[in-house]
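J.: After the structure tokens below, expect a handful of questions from me.
The values are calculated or read from the model by the stated rules, or taken from the named source; none is laboratory data. No experiment lies behind these values; they were computed from the predicted model shown. Cβ placement follows ideal geometry from the backbone for every residue including glycine, while neighbour counts extend to all protein chains displayed.
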């Protein structure tokens with residue numbers, strides 16, 4: 001890859017991650033600026049020539065989800081109006097992925113609306129990580145690459161030299177992905193049976209499937225916001241005889257009160273990635289962040305060189 005052929009820009013939601021991706025690739029971060037006016041309007045401006053260039057924009061859509069999502073759309077439009085050859089939207093955390101279906105009357109399928117808007121704004125390709133609902137790739141008419149945080153998270157857990165580990169899925173919906181973690185680490189799997197009855201981010205752990213007695217339990221999930229599920233599962237694991245409990249999630253969204261819950265829980269360490277970087281909370285010593293910049297950097301390099309992305313994640 002010729003460094004002169006690639007242009008990477010950062011949105012307001014992912015400036016540190018974008019800088020790390022550029023460091024991995026050995027390129028300079030593109031020059032741009034964004035403002036939010038007092039009445040809430042967002043203004044973006046590209047500060048260098050992108051005519052005929054293949055542009056990569058890094059922007060997570062969270063804190064604030066709506067502001068950062070609108071900024072993403074404006075960046076795609078700005079690059080296309082500046083005659084960029086193509087725009088690849090790198091969305092490390094796609095916050096509206098939770099709205100992937102009409103599961104009750106008179107509700108919006110929010111992820112589909114977002115997919116339509118991203119395409120209409122001019123994005124030619126989307127790269128994201130650990131979509132909450134992988135079928136959202138089908139909402140797009142442009143290519144979507146869904147990367148996995150698993151390699152970075154598993155490398156971190158290996159470096160901790162934990163003994164007698166077992167991977168724990170916080171619910172049946174994540175069980176298939178939990179088995180991939182277990183396969184990567186060479187451990188068994190346990191599954192928590194969880195029920196959620198409202199939209200208040202609270203869930204009740206009803207049962208635990210699997211033997212965790214005397215083992216080091218590692219809860220895995222794609223994201224956490226309030227940390228209530230992680231804490232509830234950790235308490236159930238201790239009740240069932242787990243000697244230590246750790247947790248690792250790709251997207252540490254972490255809203256107000258989440259860190260305090262983790263600190264007061266049996267969880268020894270919560271490992272997250274840097275897909276979200278502007279949380280409104282201060283992390284405690286229990287929270288460890290690992291970077292997925294090499295994964296996104298490698299994906300960008302492969303896209304730019306028209307090479308396989310799937311080869312990054314052998315089965």
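J.: Among residues belonging to the stretch 286-310 that are out of contact with any helix residue (DSSP H, G or I) (no Cβ under 9 Å at 6 or more places or on another chain) and not in a helix (DSSP H, G or I), point out the one that is nearest to residue 222 (Cα to Cα).
T.: Within the stretch 286-310, the first condition is being out of contact with any helix residue (DSSP H, G or I) (no Cβ under 9 Å at 6 or more places or on another chain), and the residues that meet it are 289, 303, 305-306, 310.
Next, only the ones that are not in a helix (DSSP H, G or I) stay: 289, 305-306.
On the way: 289: 14, 305: 29, 306: 28 Å.
Step by step, filter the stretch 286-310, then rank; the result is 289.
J.: What number of residues within the stretch 268-285 satisfy the criterion of being buried (at least 18 other Cβ atoms within 10 Å of the Cβ) and not in a loop (DSSP other than H, G, I, E, B)?
T.: Residues that pass the stated criteria total 6.
J.: Another question about this same structure. Filter the stretch 1-14 down to the residues that are farther than 16 Å from residue 88 by Cα and either surrounded by fewer than 17 Cβ atoms within 10 Å (Cβ to Cβ) or modelled with pLDDT under 95 (or both) and list them by number.
T.: 1, 2, 3, 4
J.: Within the stretch 131-140, can one find any residue that is loosely packed, with under 15 Cβ neighbours inside 10 Å, in a loop (DSSP other than H, G, I, E, B) and not assigned by TED's automatic domain parsing to the domain that holds residue 250?
T.: Within the stretch 131-140, none of the residues are loosely packed, with under 15 Cβ neighbours inside 10 Å, in a loop (DSSP other than H, G, I, E, B) and not assigned by TED's automatic domain parsing to the domain that holds residue 250.
J.: Which ones in the stretch 208-245 are buried (at least 24 other Cβ atoms within 10 Å of the Cβ), under 20 Å from the mean Cα position of the chain (by Cα) and in a strand (DSSP E or B)?
T.: 218, 219, 220, 224 - these are the residues of the stretch 208-245 that are buried (at least 24 other Cβ atoms within 10 Å of the Cβ), under 20 Å from the mean Cα position of the chain (by Cα) and in a strand (DSSP E or B).
J.: Same structure, new question: Name the single residue that is modelled with the highest pLDDT among those in the stretch 132-142 being in contact with a helix residue (DSSP H, G or I) (Cβ under 6 Å, 6 or more places away or on another chain) and closer than 22 Å to residue 172 by Cα.
T.: Ranking the candidates gives 136 first.
J.: Of the residues in the stretch 50-66, how many are crowded, with 18+ Cβ neighbours inside 10 Å, over 16 Å from the mean Cα position of the chain (by Cα) and either in contact (Cβ under 8 Å) with a residue 60 or more places away in the chain or within 23 Å of residue 279 (Cα to Cα) (or both)?
T.: 2
J.: A follow-up question, please. Go through 157, 167, 118 for me and flag whichever is closer than 23 Å to residue 6 by Cα and either in contact with a strand residue (DSSP E or B) (Cβ under 6 Å, 6 or more places away or on another chain) or modelled with pLDDT of 95 or more (or both).
T.: Unique residue meeting the criteria: 118.
J.: Considering 193, 145, 200, which residue is assigned to a strand (DSSP E or B) and modelled with pLDDT under 95?
T.: Just a single option satisfies the conditions, and that option is 193.
J.: Need at least 1 residues that are more than 22 Å from residue 124 (Cβ to Cβ) and out of contact with any helix residue (DSSP H, G or I) (no Cβ under 9 Å at 6 or more places or on another chain) per element, so show me which strands (runs of 3 or more DSSP E) inside the stretch 1-85 make the cut, counting only ones lying wholly within it.
T.: 32-36
J.: Follow-up question, since we're still on this one. With the checklist (1) on the phi < 0 side of the Ramachandran plot; (2) surrounded by fewer than 18 Cβ atoms within 10 Å (Cβ to Cβ) in hand, flag the one item residue 161 doesn't pass.
T.: For residue 161, the failing item is (1).
J.: Would you confirm whether or not the stretch 21-30 contains a residue that is within 21 Å of residue 276 (Cβ to Cβ) and buried (at least 21 other Cβ atoms within 10 Å of the Cβ)?
T.: So far as the stretch 21-30 goes, yes, one or more of its residues are within 21 Å of residue 276 (Cβ to Cβ) and buried (at least 21 other Cβ atoms within 10 Å of the Cβ).
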